[in-house]
Amino acid sequence: MATKEEVQALMAKHAGAGINCGTTEHAPSAERIRETEELLNVPLPDSYKWFLSQYGNVVVGGDEVWSIYPEYSATMYSGDIAYQYKNDAKGGLTKANEISIAATDFGEWFVFDTTQKAEGNEYPVLLMLGEERQPYAANFLEFIAKFIRLQCDG
């Protein structure tokens, strides 16, 4: 299972060469996190909130991992996790218990499965390919570590 230290090392290793990210200055406020959790109707995983507190946002190999934008807009396209959740549900892409966290140019979608909450509000991450869903990672830290390795290390 991936650790915070492992994720930090991967982020540092690939910063500017496969990963573009913010800093603690780009972290969402506690108020924006609460607003987002209300829009999603579930608490966000502790590891996801930790990641946002460190990096604010991240693009890995050209693919954005959804974050929490400074302001929520239901009408302006963005990589805000609440916007993506609402848009995906409206379009029938995801089920009510799924929160998308990233998508690739290859049609891969990654979602939290909120029916399986563990300690720290952690949810497993599923890989969606069309209608098919398969386990990808046990939690967000494992997801982001695996995503970085696959996108940056090949």
> What percent do you get for the relative contact order of the stretch 4-153 when only Cα pairs under 8 Å and 6+ apart count?
Replying inline: 22
> From the square roots a ≥ b ≥ c of the eigenvalues of the alpha-carbon gyration tensor of the chain, which class results: rounded (a/c under 1.5), prolate (a/b over b/c), or oblate?
Replying inline: rounded
> Tell me, what HN-Hα J-couplings in whole Hz come from the Karplus equation 6.51 cos²θ - 1.76 cosθ + 1.60 at θ = phi - 60° for each residue of the stretch 105-120, using x for Gly and Pro?
Replying inline: 5, 8, x, 8, 10, 10, 9, 6, 9, 7, 7, 10, 7, 10, 3, x
>> Quick check: net charge around Lys146, other residues with Cβ under 14 Å of its Cβ, Lys/Arg +1 and Asp/Glu -1?
In response: -4
>> Can you classify the stretch 95-148 as rounded, prolate or oblate using the Cα gyration tensor, where a ≥ b ≥ c are the square roots of its eigenvalues, rounded means a/c under 1.5, and otherwise it's prolate if a/b beats b/c and oblate if not?
In response: oblate
> What net charge do the residues around Lys95 carry, taking every other residue with its C-beta under 10 Å from that of Lys95, with Lys and Arg at +1 and Asp and Glu at -1?
Replying inline: -2
> Under a point-charge model restricted to the Cβ atoms of Lys and Arg (+1) and Asp and Glu (-1), what is the dipole moment magnitude of the stretch 47-154 relative to its Cα centre, in debye to the nearest 20?
Replying inline: 200
> Once amide H atoms are placed 1.01 Å from N in the peptide plane, what residues at a sequence separation of 5 or more from Ala102, or on another chain, have their amide H within under 5 Å of its amide H?
Replying inline: Trp66, Phe110
> Mind listing which chymotrypsin sites (Phe, Trp or Tyr not before Pro) in the stretch 81-154 are in a DSSP loop and have 16 or fewer other Cβ atoms within 10 Å?
Replying inline: Phe106
> Cα gyration tensor of the stretch 1-52, axes a ≥ b ≥ c as square roots of the eigenvalues: rounded (a/c below 1.5), prolate (a/b > b/c) or oblate?
Replying inline: prolate
> Within the stretch 4-153, what is the number of lysine pairs with alpha carbons under 20 Å apart, leaving out pairs fewer than eight places apart on the same chain?
Replying inline: 10
>> Quick one: 3J(HN,Hα) in Hz for the stretch 39-45, Karplus 6.51/-1.76/1.60 with θ = phi - 60°, rounded, Gly and Pro as x.
In response: 5, 7, 6, 8, x, 7, x
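Here, each number is a calculation from the coordinates, and none is a lab measurement. Keep in mind that this is a model prediction, so the values were computed, not measured. Please note: Cβ atoms are built from the backbone with ideal geometry, for glycine as well, and neighbour counts cover all protein chains shown.
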